[in-house]
Ligand SMILES: [Zn+2]
């Protein structure tokens with residue numbers, strides 16, 4: 001089952017035009033798989049802003065779609081990645097003389113970068129799946 005990238009309506013896999021809004025379905029760029037825990041319209045409207053949250057520390061979605069539960073889910077993850085990067089960077093600077101902390105720090109920063117890419121892809125796909133570890137962390141923005 002596919003979803004219209006313009007209005008979020010369910011569409012058959014082989015249609016070229018959405019029967020609900022009439023717009024052309026682009027050749028598959030990112031197949032949207034809306035997460036049932038969020039509103040399909042919310043995902044269709046706000047997934048681009050949710051994705052941009054990872055590149056702006058959550059600022060763009062907080063300005064553009066503060067009421068979107070889907071975008072705020074991703075803002076939380078973006079903020080935890082941001083906080084994680086700061087904590088790791090500070091620890092690397094303060095404990096630079098220990099050698100082991102900077103080495104582990106680089107590994108952590110690479111992992112955080114991978115999480116960020118995963119978050120971007122999931123936001124675009126309409127997925128609300130949690131990134132590793134983030135599920136256990138407190139919610140910053142509701
Ligand atoms: Zn449509």
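The values are calculated or read from the model by the stated rules, or taken from the named source; none is laboratory data. This is a predicted model, so every value here is computed, not measured. Backbone-built Cβ (ideal geometry, glycine too); neighbour counts: all protein chains shown.
Quick notes on this one:
- Listed by position, the helices (runs of 4 or more DSSP H) enclosed by region 1-102 that each have at least 1 residues that are within 16 Å of the ligand (Cβ to nearest atom) and under 17 Å from the mean Cα position of the chain (by Cα) are 40-53.
- Condition check for residue 44: under 18 Å from residue 8 (Cα atoms) and out of contact with any helix residue (DSSP H, G or I) (no Cβ under 9 Å at 6 or more places or on another chain): yes
- Residue-level analysis places residue 120 among those that are touching a helix residue (DSSP H, G or I) at 6+ places or on another chain (Cβ under 6 Å) and in the same structural domain as residue 42 (by TED's automatic domain parsing).
- Only residues that are crowded, with 18+ Cβ neighbours inside 10 Å and within 29 Å of residue 38 (Cβ to Cβ) were counted in region 86-111, giving 0.
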